[in-house]
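The values are calculated or read from the model by the stated rules, or taken from the named source; none is laboratory data. Keep in mind it's a predicted model, so treat the numbers as computed, not measured. Every residue, glycine as well, gets a Cβ built from its backbone with ideal geometry; the counts of neighbours run over all protein chains shown.
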Amino acid sequence: MESTESSYVSSPEAPRRRSSPPPKSPTSDTMEKPTYVRFLVSNAAAGSVIGKGGATITDFQSQSGARIQLSRNHEFFPGTTDRIIMVSGSINEILKAVDLVLAKLLSELYSEETDDVEPRTKLRLVVPIVLVVA
């Protein structure tokens, strides 16, 4: 079983976020706090999200403003053979990024010629136990 403290990779051209929060201002209460969403995909689906030379993930980050990171190859979520995609940013940035990722995965499914009427894939959302119990 791999460590839960997986390293994440994103494209080298990924926008860099500040390491410390911006200084407090009178209107800081109206600013959104950074949010994180993690979900699991197969290794093949992760490759599709990264794209050749990181082009797809770089494009998705530019379009959404969110940061998209993937666990390294062969670093799986414990108990699975799935890689972790972590998307961070404001709620709107995350929603846009997840929309782009899901649209890419769906387009890959439907572009493959299959005999199935409806192609199937798995995508699992990672929810901390604290939120399940609350």
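Before moving on, here are some points about what is shown:
- Reported count of residues in segment 76-86, each being within 14 Å of Ile50 (Cβ to Cβ) and either crowded, with 21+ Cβ neighbours inside 10 Å or acidic (Asp, Glu) (or both), is 3.
- Out of Gly53, Gly65, one residue alone is modelled with pLDDT of 90 or more, loosely packed, with under 12 Cβ neighbours inside 10 Å and at positive phi. It is Gly53.
- Residue in segment 75-87 that is touching a residue at least 40 places away in the same chain (Cβ under 8 Å), over 18 Å from Pro128 (Cα atoms) and out of contact with any Pro (no Cβ under 7 Å at 6 or more places or on another chain) present: yes
- The set of residues from segment 33-47 being surrounded by fewer than 17 Cβ atoms within 10 Å (Cβ to Cβ) and farther than 10 Å from Asp82 by Cα comprises Lys33, Pro34, Thr35, Tyr36, Gly47.
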